[in-house]
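I have placed the structure first, in the form of structure tokens, so that the comments after it can refer back to it.
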Amino acid sequence: MKKIIINLGIITLLCVTFLVGCMLKTEDDQDIATEELSKADSYITVGFSQLGAESDWRSANTDSMLGTFTEQEGYYLVYKNGQQKQANQITAIRMFIQQEVDYIVLAPATEDGWDSVLGEAKDAGIPVILVDRRVNTSDKTLYSCWVGSDFELESKKITAWIKAYTEKKGIDPKDLHIVNIQGSLGSTAQLGRSRGLKNAARENGWDLMAEVSGDFTEAKGQEVMDALLKRFDNINLVYCENDNEAIGAIKAIENSGRKVGSDIASGEIMVVSFDGVNETALEYAREGKISCIAECNPLHGPRVEALIEMLGRGENPLKYNYVDEKIFSSLSVVESVTVDENVYEIERP
Ligand code: GZL
């Protein structure tokens, strides 16, 4: 009998312990949840919708934002990655609205289709800051301000470099046979960089033979370059709208047995690119495999923070805030380019 009582006692003790444990866990969970919410209440809460992770530039941009909006600096950041899909970004913005964040930061994948969800943020009284690419809307009140690059200026710099270089090398403009491996179609970076090349080709009499999207990725860049090499036998300049595409294109060119370089007259295929973030691309630029890179600066975190601080003080920042950017080449033939009456020194990568 005694043994049974002891067993019953142990069973009872185990049940009580279990129940207390659950309650403690629940209370702890409740405490943690409450603590998180209260912490969020005492911080500036920022909802950041990033478009994806397609390139080194994007990763650097994300790192800059995450490194800026930290709890130590008084922020509570809710970060959502859209995996290249606008629908995911729209869902994220609606979640930020439900969470009643203080600010929404949006890096839009493409320019169209934002009016509805930005209207919901406006109705909720949450300021929206755009970063990197732009949105195409007639209602400019849907966002407080934007910070990023002048993509067409980036293109004007690199095409001015191409013009100066080929003229110094005595290459007839009509003998310049160009293919453009474009970025993600409909993105502001792609639209500006493609427009810049198209205008320069028309003005200079260059032969722009094809424009095909490489989606800002290395794999797609290599695939597109493979196809273009099968389609054309006279390509002598490849204009890549970002470094990752350029790395992929160079793989395809070398796999085909052709040589990448700046000696077009001797049959080398010249590659130019944008970003200047990927270390391999910068090494290629130092080696002369990539002849010229137009910088696209990804470090927008501190810039967005400055805009939030201004908005927090009730000030009105500039609507459009452009970042200053360089142009890199290891070829000393061209020392500077002049674009829109501004002189840009060519810097070593
Ligand atoms: C430019 C940015 C582009 C980069 C690419 O600001 O939108 O997207 O040039 C990135 O590398 O994928």
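The values are calculated or read from the model by the stated rules, or taken from the named source; none is laboratory data. All values reported here derive from a predicted model rather than from experimental measurement. A quick note on method: Cβ atoms are made from the backbone with ideal geometry, for glycine too, and the neighbour counts reach across all protein chains shown. We work out accessible area using only protein heavy atoms, side chains counted, and drop any ligands, DNA or RNA first. Shrake-Rupley method; radii C 1.70, N 1.55, O 1.52, S 1.80 Å.
Annotations for the structure displayed:
- The set of residues from region 269-291 being open to solvent by 30 Å² or more (accessible area, probe 1.4 Å), more than 10 Å from the ligand (Cβ to nearest atom) and of a type outside the set (Lys, Arg) comprises Glu279, Thr280, Glu283, Tyr284, Glu287.
- Entry remark, region 321-332: residues being open to solvent by less than 70 Å² (accessible area, probe 1.4 Å) and closer than 21 Å to Leu299 by Cβ number 5 in total.
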